[in-house]
Amino acid sequence: MDFQVVILAGGFSSNLQPLVSKEVPKALLPVANRPVLSYVLDLLESSNLKDLIVVVEGEDAALKVGGWISSACVDRLHVEVAAVAENVGTAGALRAIAHHLTAKDILIVSGDIVSDVSPGAVAATHRRHDASVTAMLCAEPVSGPSESGVASGKDKTKKPACYDIIGLDSSKQFLLHIATGVEIKKDTRIKKSILRAAGKMEIRSDLMDSHIYAFKRSVLQKVLDQKPTFRSLKEDVLPYLVRTQLRSEVFPDEKTVEDNGKNNMQNNELVLSQILSNASLPSFHQVYESFLNSRKTHKCCVYIADESKYCVRLNSIQAYMDVNRDVIGDANHLSGYSFSAHHNIVHPSAELGSKTTVGPHCMLGEGSQVGDKCSVKRSVIGRHCRIGSNVKVVNSVVMDHATIGDGCSIQGSVICSNAQLQERVSLRDCQVEAGYVVYAGGEHKGETFARK
């Protein structure tokens, strides 16, 4: 298909601290005991997209990600890891690797997506419409509360509900408007010229930009060069291309209409607004270009995933909890594992004590040991963990090599690798940093345990 694929894998994301650390960059954060990046690579491989550039922020993070890729993807994929400076944003990361981009079209995928939507379908839609950009949209995910009903950790404070406000043409193929992270009570401004040209616009707040894009390379590089202050594909580049699609500045070398040696664009637009208000063609761009006999528009298209598909980004602690819950639950087809008749996964080398139960939608990793009279419900336990007796783990994630003392209760929490909970610790909606020790006997709710 002649697409070049770029995975924007981030680095040590502040949104996910203390889950990420200098030892575990975001791309290697475990989801059901697999790095989240492995889900992205599998998804691309399923679409026969095997020539990839993985962009990682920071040299240290890039070394760790590259090391994992070398061991996990030998003979399967051709992957080049490119390190860029930290905190440059998605647009800045692409500027930094522009010299690597040579194909006609570029498929850009966020490295924190867990999804079963085919990126190949996005690429095919992009080619079919000869679009400048095609964005994949999917249904807003439903976040599940913890058992206590409180969002975990830093997400617990109430914030205004924010949405992607998306405007589509009547065919639902073209993107007419996008405003990201908008509070629903605030006014949204719609560009009049685009609304007049399209005839009508359907406004949606139930769809989200999934951070999978197809770009014409020439268009993407033109925008990145002309707009050096743009940092984000979602918040800067995509809205800019949508706003300017009827007065494109990304095809400057194409001919324009002249009348007596002067550009007559303003008069043409006035007439077009009357003609196009009644137009009912698949693409209003076709009428615009035909009337002007020029190429001064560019197409911004969408691929809308079916509602039955799954697509969630790990861009918050709550999202991390949700994805782990889903991948061992209703979306277990994404896990890559075979579940038992009890709808769980207990590794053959794991050891369970007397009267210990591991319920449905649970995972117990290789070499882990669980003591007597324990209960594990809707949780992921990593590899080589040591869990004492009379321990309760509910709606939680316990990463590799964690130690949990006798009598602990863990609900709606994340315990990172090599962390230690001493006896009789009670955690609800908490996060414990890798290697941290929580001392015996404390009861904690909504706290983050990390070194200062």
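Can you tally the net charge around H126? Count Lys and Arg as +1, Asp and Glu as -1, for every other residue whose Cβ sits under 11 Å from the Cβ of H126. Around H126, the surrounding residues sum to +3.
When only C-alpha pairs under 8 Å and at least 6 residues apart count, what is the relative contact order of region 327-452, in percent?
On the way: 378 pairs, mean separation 17.0, N = 126.
That works out to 14 percent.
Surface composition of region 58-116: carbon plus sulfur atoms contribute 52% of the solvent-accessible area (1.4 Å probe, protein chains only, all chains present).
Tally Lys/Arg at +1 and Asp/Glu at -1 over every other residue whose Cβ is under 12 Å from the Cβ of P239; what's the total?
Around P239, the charge tally is +1.
Counting protein heavy atoms only, region 301-452 has 45 percent of its accessible area on carbon and sulfur, 1.4 angstrom probe.
Quick check on my link table: of K22/K227; K64/K445; K200/K296; K392/K452; K22/K222; K191/K234, which ones sit more than 24 Å apart, alpha carbon to alpha carbon? If you can, show how the numbers build up before the last one.
Values: K22/K227 32 Å; K64/K445 33 Å; K200/K296 21 Å; K392/K452 29 Å; K22/K222 35 Å; K191/K234 18 Å.
Beyond 24 Å: K22/K227; K64/K445; K392/K452; K22/K222.
For region 1-153, the direction-averaged projected area of the alpha-carbon convex hull comes to 10.1 nm². The modelled label-to-label distance between S46 and H347, using points 7 Å beyond Cα along the C-beta direction, is 2.4 nm.
For region 289-374, taking Cα atoms only, Rg and Dmax work out to 22.7, 80 Å respectively. Averaging Cα coordinates gives a centre for region 409-431 and one for region 298-328; these two points are 27 Å apart.
Each Cα pair under 8 Å and six or more residues apart adds its separation to the average, and for region 1-117 the resulting relative contact order is 40 percent.
A straight chain from K445 to S193 at 0.36 nm per residue would run longer than the Cα-Cα distance by 85.5 nm. One compactness figure for region 300-452 is 1.09, namely its Cα radius of gyration divided by 2.2 N^0.38 Å. Per residue, region 44-118 exposes 42 Å² of accessible surface when a 1.4 Å probe is rolled over the protein heavy atoms with every protein chain present.
Kindly identify region 385-452 as rounded, prolate or oblate by the Cα gyration tensor criterion: order the square roots of the eigenvalues as a ≥ b ≥ c, call it rounded if a/c is under 1.5, otherwise compare a/b with b/c, prolate if a/b is larger, else oblate.
Rounded, because the longest to shortest axis ratio a/c is under 1.5.
Is the C-alpha gyration tensor of region 1-57 telling us rounded, prolate or oblate? Criteria: a/c under 1.5 is rounded; beyond that, a/b larger than b/c is prolate, otherwise oblate. Oblate shape, in that a/c is at least 1.5 and b/c is the bigger or equal ratio.
The values are calculated or read from the model by the stated rules, or taken from the named source; none is laboratory data. What you are looking at is a predicted structure, and each value in this text was computed from that prediction instead of being measured. Reconstructed Cβ throughout: ideal geometry from the backbone, glycine too, with neighbour counts over all protein chains shown. Just the protein is used for accessible areas: all its heavy atoms, side chains included, with ligands, DNA and RNA removed. Shrake-Rupley method; radii C 1.70, N 1.55, O 1.52, S 1.80 Å.
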